Amino acid sequence: KTIVFPLAHYWFALPVPAILRVIRFDEGMAAEMARNGFVMLDGQPLSTVDLRSRLFADPTNPSPQLAQLPSASSSPEVSLADATVPCLLTIQANRGKNWALRVDHLPELLELPLSCVHPISSTAPPNIRAIAHHMAILSSQSSHYLAHRPIFLMDLTTIHPHSQVV
C-alpha cells in the first residue's frame, strides 16, 4: 500500500510503512518552517522538506518541462485530495532522525499492484528523475479516478539524507 497526493497536477506516492503521522499544516508551522527550516512537534525539532519548492524553481508555476508529461483529463469523480488541506507527513528515518515532508493536499491510501510499476523514462524531466526512479500507471480496467495518470514513486533517500529505504 502507498499514500498518494497531488502536487502541481501530478501525483506522487510514498510507501505506507515510511509514514509515521499525517498532520494538518497550519500557519504557525508555515512561519516556523520558513524561519528555521524545521517545525516543533511533540517538543522535538523536526527538519522539513517543502516538496513544491524542491521540484520547481518557481513554486507557484510548475516548470514547462513538467507540464509536458502525460496526464489524463479531469474526472468528475471527487476525492479527498481535491480539498486543499496542507499537511506534514512525518517520515521514519535512520538513527531516530525523523523528518517531515510538506504537501499541499491530504494524502489518500492506494494499492498499487507491482504489475503497474515501471522505471521512469530517461526523457522525463530531471526534477522528477531526481526524486523518483519508478512510476505507476493503473490499468484501464481500474475504475479508480487515477487510472491512466502517472503516479511517481518517490525515493525518500534522494529527498532527505536520513531516510530509510522501506
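Observations on the model:
- The protection proxy used here, the mean number of other Cβ atoms lying within 10 Å of each residue, ranks peptides 145-158, 122-135 as follows, highest first: 145-158, 122-135.
- Residues whose amide H lies under 5 Å from that of Leu106, counting only those 5 or more places away or on a different chain, are Val85; hydrogens are built 1.01 Å from N in the peptide plane.
- For segment 3-17 versus segment 111-131, the spacing of their alpha-carbon centroids is 12 Å.
- For Ile23, net neighbour charge (Lys/Arg +1, Asp/Glu -1) across residues whose Cβ lies under 11 Å away: +1
- Taking Leu89, Leu7, Leu109 and counting other C-beta atoms within 10 Å, the order from fewest to most: Leu109, Leu7, Leu89
- Charged neighbours of Thr2, selected by a Cβ distance under 12 Å, balance to -1 (K, R count +1; D, E count -1).
The numbers here are math on the coordinates, done by the rules we state, and not lab data. All values derive from a computational prediction rather than experimental measurement. All Cβ positions, glycine included, derive from the backbone under ideal geometry; neighbour counts span all protein chains shown.
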